[in-house]
Amino acid sequence: MKTVCKFGGTSLAGSENVARCRDIVMADSSRRIVVVSAPGKKKGGDIKVTDLLHECYLKRFDLPAFSAVFAKIEETFREIASPLKNFPVGEELCIVRAQICQPEANEDFVLSRGEYLNAKLVAAYLGYAFLDAAAFIRFKGGELDLSATLSLAAHIETEKGVVIPGFYGLDEEGHVKTFSRGGSDITGAIAARAFGCNLYENWTDVDGIRICDPKIVPNSKKVSEASYRELREMSYMGASVLHAETLLPLVGAPVPIVIRNSFRPDLAGTVIRKKRTDAAEKENIACITGKSDYTCIQISKMLLDKQLGFVKKVTSVFEEYNINISHTHSGLDNLCFFVERAEYIKISFENFVKELKRRIDADKIRAHGDIALVAVIGHGLSGRIGVLADIFTALKDAGISVKTIYQSISECNVIVGIENVRLADAVRALYAALIR
Ligand code: ASP
């Protein structure tokens, strides 16, 4: 048995918390691969080290401003190092400071130094070796290069225990490249795959996955088990569980992931497996979540059903304008594309419409803004007779008008488009109606 433990920023905020994580690792001899985030917030009002590093990067040519921010980073790491007798924290900080002030230091390199320093410290707490992510995690064309990563990792010895900084690797030119924010979750999955672990424990400050965002439904039920598919849907639709790309390294070589609370290690957490095992859980809904600020671009053309290659022509214009499509659905004589508002506002809609009209001779093209998509996710949906009736009755009773509906035949979600401002009300109403 070999386990990878990934500790998130809040779990590692301050020496007391780091010591708690050390005790967790030491309590089980299978926990030999440890992945860490940069220190997070201890209390509200604190700033995460990664955000401070970002500020440092912006202020790197203004020495007094840079020094003021770097001093906060220094304070954080010195405090974490305080119980360690022989750790040269001053020297390490000095090196990092000099490196991030170099004119050639790129932004990703600067951002990655929180994980780098924290991994060195956690390695000293545990008596494990520090294993730099730069030694094996590779990117190609801006994306994780999994096969290069796995072949480099095959030569690395981890039996005696290693601590790996999360969040980054190297690109083709040998420069540090980070994943998007929260990307240490992906590093945990890479480590699980690369070093043949049977379990990936993701230690956070929450007891596991809740059906709803606690800010909307306080104390909503905890989910004991979810599938990979459900996790993908949840992350994509806005539930902040794990980074949305966490599962990528595990495709084809699944490893169960457990989300656990480092402040309550006595609790079992939520297990995410390729397929759910518990028959009773199958009946359940895993998540009710949603995302606001979508724009629906509706393209109408009479006798659309007779036009061969129409969708291809339309989507090629989206591609040329670099607009990422989040969802689509079609009706008789019209096609709807849901895009995030950020995608919509970056283009000139007038030019986009002109181009579309030129290519496909559409009758009408309209943009409908301020749409939220609320999603009910769970394999249990397919076997639950009347669930759609329950969903729409709940929304009707809450006085929420439905603008669009989507349910795919094989997948585990129902997505409903509503007005932006009613998103939280919709989540609350659906929770009350669907979860017993
Ligand atoms: N430290 C990075 C962030 O704050 C990465 C991570 O924590 O996963 O996003």
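Numbers for the structure displayed
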| read-out | value |
| --- | --- |
| Residues that are of a type in the set (A, V, I, L, M, F, W, C) and assigned to a helix (DSSP H, G or I), drawn from region 305-338 | PHE310, VAL311, VAL314, VAL317, PHE318 |
| Selected residue (criterion: farthest from LYS222 (Cα to Cα)) from residues of region 392-436 that are of a type in the set (S, T, N, Q) and part of a loop (DSSP other than H, G, I, E, B) | SER401 |
| Leading residue by the ranking (nearest to the ligand (Cβ to nearest atom)) among those in region 111-148 that are part of a loop (DSSP other than H, G, I, E, B), touching an Asp or Glu at 6+ places or on another chain (Cβ under 9 Å) and open to solvent by 20 Å² or more (accessible area, probe 1.4 Å) | GLY142 |
| Enumeration of residues in region 379-391 that are surrounded by 14 or more Cβ atoms within 10 Å (Cβ to Cβ) and part of a helix (DSSP H, G or I) | GLY380, LEU381, VAL387, LEU388, ASP390, ILE391 |
| Unique match (being within 15 Å of the ligand (Cβ to nearest atom), within 25 Å of ILE377 (Cβ to Cβ) and in contact with a Pro (Cβ under 8 Å, 6 or more places away or on another chain)) among ILE272, ILE186, ILE190, ILE259 | ILE186 |
| Close pairs (8 angstrom Cβ cut-off, 6 or more residues apart or separate chains): at positive phi and modelled with pLDDT under 90 in region 222-243, more than 16 Å from the ligand (Cβ to nearest atom) and open to solvent by 10 Å² or more (accessible area, probe 1.4 Å) anywhere | GLY238/THR289; GLY238/GLY290; GLY238/LYS291 |
| Test: residue in region 22-40 that is within 16 Å of the ligand (Cβ to nearest atom), open to solvent by 10 Å² or more (accessible area, probe 1.4 Å) and touching a Lys or Arg at 6+ places or on another chain (Cβ under 6 Å) | yes |
| Residue list for region 172-203, restricted to those being open to solvent by 30 Å² or more (accessible area, probe 1.4 Å) and at negative phi | GLU172, GLU173, HIS175, LYS177, SER180, ARG181, ARG193, ASN198, LEU199 |
| Every residue from region 393-423 that is open to solvent by 60 Å² or more (accessible area, probe 1.4 Å) and either touching a strand residue (DSSP E or B) at 6+ places or on another chain (Cβ under 9 Å) or in contact (Cβ under 8 Å) with a residue 60 or more places away in the chain (or both) | SER401, LYS403, ILE405, TYR406, GLN407, GLU411, GLU419, VAL421 |
| Qualifying residue in region 52-66 (condition: assigned to a helix (DSSP H, G or I) and of a type in the set (Phe, Trp, Tyr)) | yes |
| Checklist (1) assigned to a helix (DSSP H, G or I); (2) within 23 Å of ASP51 (Cβ to Cβ); (3) open to solvent by less than 10 Å² (accessible area, probe 1.4 Å) applied to ASP108, failing item | (3) |
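The values are calculated or read from the model by the stated rules, or taken from the named source; none is laboratory data. Quick caveat, the model's predicted, so the values are computed rather than measured. Using ideal geometry, Cβ is built from the backbone for each residue, glycine included, and neighbour counts are taken over all protein chains shown. Note: areas computed on protein heavy atoms with side chains; ligands, DNA, RNA excluded. Shrake-Rupley method; radii C 1.70, N 1.55, O 1.52, S 1.80 Å.
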